[in-house]
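The values are calculated or read from the model by the stated rules, or taken from the named source; none is laboratory data. All figures in this text were calculated on a predicted structure; none of them were measured in a lab. So basically every Cβ, Gly included, is an ideal-geometry build from the backbone, and we count neighbours across all protein chains shown.
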Amino acid sequence: MGLFEQIVTETQRKGLDFLVIGGHAVNFYGYSRETADLDLLVRWDARAAWAELFSGLGYVLEHDAATFMQFAPRGQAEWPVDLMLVREPTLVAMLADSREVNMYGAKLRIPSPEHLIALKLHALKHTRAHRFLKDFQDVEGMVRTNHLDLQSERIRRLFLKYGNLDLYEKIVRACSDD
């Protein structure tokens, strides 16, 4: 059984909800990019259960911050795993608007394009320089491949709420270069 199937089995057994985010989710919305880890969005108050789950799968907790946990596999054959921790209302809202996909033989849920872009915008607003280009290209690629109307008030509000006006204007310019 692969990692993705093990995660589904263990989360069902433990009653844990999650969404696959990051590069794996971006790929399902038509913008293909390589990724070197598995990113999951999970409830903040379930952090101990997630630490126990990954410990049981042979992972070692490498970094634990207020809203972020990183796990490394003991061997080289598995994906490193990053957890983004959010409050329950945020996860519930995103789950309600999520989509089920088949990923590496497991049925998993990914956020809607708008929610995934909101996560990327939040990261862009708070990121270090080395991550900026990757997240920016993810947003640009998802806007283009999903034909999102950057002039719509809904999309503009999304950018202003989770990003800022500068990011919105940069994406508009990047997407108007067609």
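For region 59-100, the set of residues classified as assigned to a helix (DSSP H, G or I), of a type in the set (A, V, I, L, M, F, W, C) and surrounded by fewer than 17 Cβ atoms within 10 Å (Cβ to Cβ) consists of 92, 93, 95, 96, listed by residue number.
Residues checked against (1) under 16 Å from the mean Cα position of the chain (by Cα); (2) without any contact (Cβ under 8 Å) to a residue 40 or more places away in the chain; (3) closer than 25 Å to residue 17 by Cβ:
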position: 80; (1), (2), (3): yes, no, yes
position: 95; (1), (2), (3): yes, no, yes
position: 106; (1), (2), (3): no, no, yes
position: 129; (1), (2), (3): no, yes, no
position: 132; (1), (2), (3): yes, yes, no
position: 162; (1), (2), (3): yes, no, yes
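Kindly establish whether residue 159 is within 23 Å of residue 28 (Cα to Cα), modelled with pLDDT under 95 and either among the β-branched types (Val, Ile, Thr) or not assigned by TED's automatic domain parsing to the domain that holds residue 24 (or both). Considered against the rule, which asks whether it is within 23 Å of residue 28 (Cα to Cα), modelled with pLDDT under 95 and either among the β-branched types (Val, Ile, Thr) or not assigned by TED's automatic domain parsing to the domain that holds residue 24 (or both), residue 159 comes out as no. Checked against the criterion of being touching a helix residue (DSSP H, G or I) at 6+ places or on another chain (Cβ under 9 Å) and within 30 Å of residue 156 (Cβ to Cβ), region 76-83 has at least one qualifying residue.
Reported count of residues in region 46-78, each being free of Cβ contacts under 8 Å to residues at least 24 places away in the same chain and either farther than 16 Å from residue 11 by Cα or in contact with a His (Cβ under 9 Å, 6 or more places away or on another chain) (or both), is 18.
For every residue, the table says whether it meets (1) in contact with a Gly (Cβ under 9 Å, 6 or more places away or on another chain); (2) at pLDDT below 95.
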{"residue": "76", "(1), (2)": "no, yes"}
{"residue": "79", "(1), (2)": "no, yes"}
{"residue": "94", "(1), (2)": "no, no"}
{"residue": "146", "(1), (2)": "yes, yes"}
{"residue": "153", "(1), (2)": "no, no"}
{"residue": "168", "(1), (2)": "no, no"}
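Figure legend. Inter-residue proximity from region 31-43: first residues within 16 Å of residue 79 (Cα to Cα) and outside the structural domain of residue 131 (by TED's automatic domain parsing), second residues assigned to a loop (DSSP other than H, G, I, E, B) and of a type outside the set (A, V, I, L, M), beta-carbon distance below 6 Å, spacing 6+ or different chains. Indicated pairs: 37/79; 37/80; 38/79.
Inspect region 26-36 for any residue being hydrophobic (A, V, I, L, M, F, W, C), part of a helix (DSSP H, G or I), under 30 Å from residue 157 (Cβ atoms) and modelled with pLDDT under 95 and give the result as yes or no. Within region 26-36, one or more residues are hydrophobic (A, V, I, L, M, F, W, C), part of a helix (DSSP H, G or I), under 30 Å from residue 157 (Cβ atoms) and modelled with pLDDT under 95.
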